[in-house]
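This report concerns only the one structure given below.
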Amino acid sequence: MKKIITALTFTSLLFLAIGCSSDDSSTPPPPPPPPEPTTQELLIGKWNIQEEGEITNGIKKAYEMDDCSAKDTYDFTKDFQYINEYHEKQQNQDCTTHNEQGTWLLKNEKSLLLTFSSQEIPTITETADVKIVLITATELQLEYKEEEDNNTYYLHLKK
């Protein structure tokens, strides 16, 4: 009887040892995904114009873009500066390049405040409250209302 109890005890300990051994063959859990980039992180960089136009009664009407205006870019920097490089076709068909520079401030996840010098009177500072309609790593859609004519305009940009 003592041999049976010893054998049962030994067998129980063996199963316990096997059942409780570390599972070296299992793979570790995958690392958590990286955090989603913030609106500010997504905004930073150089954006190329895809479409620009006016919104009337909720309907977008794109402006005709020539080969010069298709080169327009908006560059938002980490130090809250922005440069709008825009191009105009001259009578001789050459493109001239112009730069509008200013600062940007993210008011919230869907609103951007741009500050820049007036084109008509460079000593006057203007601001534009711009609505962020869509922002991804490669696409940016903006809308803004022009105070002078009370019209709403839009920009569609891509990186």
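Residues of segment 52-66 being open to solvent by 60 Å² or more (accessible area, probe 1.4 Å) and more than 21 Å from GLN93 (Cα to Cα), which ones?
If the condition is that a residue be open to solvent by 60 Å² or more (accessible area, probe 1.4 Å) and more than 21 Å from GLN93 (Cα to Cα), then THR56, ASN57, GLY58, ILE59, LYS60, LYS61 are the ones that fit.
In segment 50-152, which strands (runs of 3 or more DSSP E) lie fully inside it and hold 1 or more residues that are within 21 Å of THR39 (Cα to Cα)?
On the way: elements: 59-62, 73-76, 81-89, 95-108, 111-117, 125-135, 139-145.
By residue number, 73-76, 81-89, 95-108, 111-117, 125-135, 139-145.
What is the one condition in (1) loosely packed, with under 11 Cβ neighbours inside 10 Å; (2) in contact (Cβ under 8 Å) with a residue 40 or more places away in the chain; (3) of a type in the set (A, V, I, L, M) that ILE124 does not satisfy?
Just one mismatch for ILE124, condition (2).
Can you find a residue that is closer than 27 Å to ASP66 by Cβ, among the aliphatic types (A, V, I, L, M), in contact (Cβ under 8 Å) with a residue 60 or more places away in the chain and surrounded by 14 or more Cβ atoms within 10 Å (Cβ to Cβ) anywhere in segment 136-156?
yes
Please specify each residue of segment 33-51 satisfying the condition of being charged (D, E, K, R) and either modelled with pLDDT under 95 or surrounded by 14 or more Cβ atoms within 10 Å (Cβ to Cβ) (or both).
Passing the criteria: GLU36, GLU51.
Which residues, counting only those in segment 80-106, are touching a strand residue (DSSP E or B) at 6+ places or on another chain (Cβ under 9 Å) and of a type in the set (Asp, Glu)?
GLU85, GLU88, GLU100
Taking the condition under 14 Å from LEU43 (Cβ atoms) and out of contact with any Pro (no Cβ under 7 Å at 6 or more places or on another chain), does THR77 pass?
yes
Quick check on LYS78: is it open to solvent by 80 Å² or more (accessible area, probe 1.4 Å), closer than 20 Å to THR152 by Cα and of a type outside the set (Ser, Thr, Tyr)?
no
What pairs can you find where one residue is in segment 74-98 and on the phi > 0 side of the Ramachandran plot and in contact (Cβ under 8 Å) with a residue 12 or more places away in the chain, the other is open to solvent by less than 70 Å² (accessible area, probe 1.4 Å) and not small (Gly, Ala, Ser), and their Cβ atoms are less than 9 Å apart, with a gap of 6+ or different chains?
Cβ pairs passing all conditions: PHE80/THR103; PHE80/TRP104; PHE80/LEU106.
For segment 81-98, what are the residues that are surrounded by fewer than 14 Cβ atoms within 10 Å (Cβ to Cβ) and either under 21 Å from the mean Cα position of the chain (by Cα) or not charged (D, E, K, R) (or both)?
Passing the criteria: GLN81, GLN90, GLN91, ASN92, GLN93, THR96, THR97, HIS98.
The values are calculated or read from the model by the stated rules, or taken from the named source; none is laboratory data. In this text, all values refer to a predicted model and were calculated from it rather than measured experimentally. Counting neighbours? That spans all protein chains shown, and the Cβs are built from the backbone with ideal geometry, glycine included. Please note that ligands, DNA and RNA were not included when accessible areas were found on the heavy atoms of the full protein model with its side chains. Shrake-Rupley method; radii C 1.70, N 1.55, O 1.52, S 1.80 Å.
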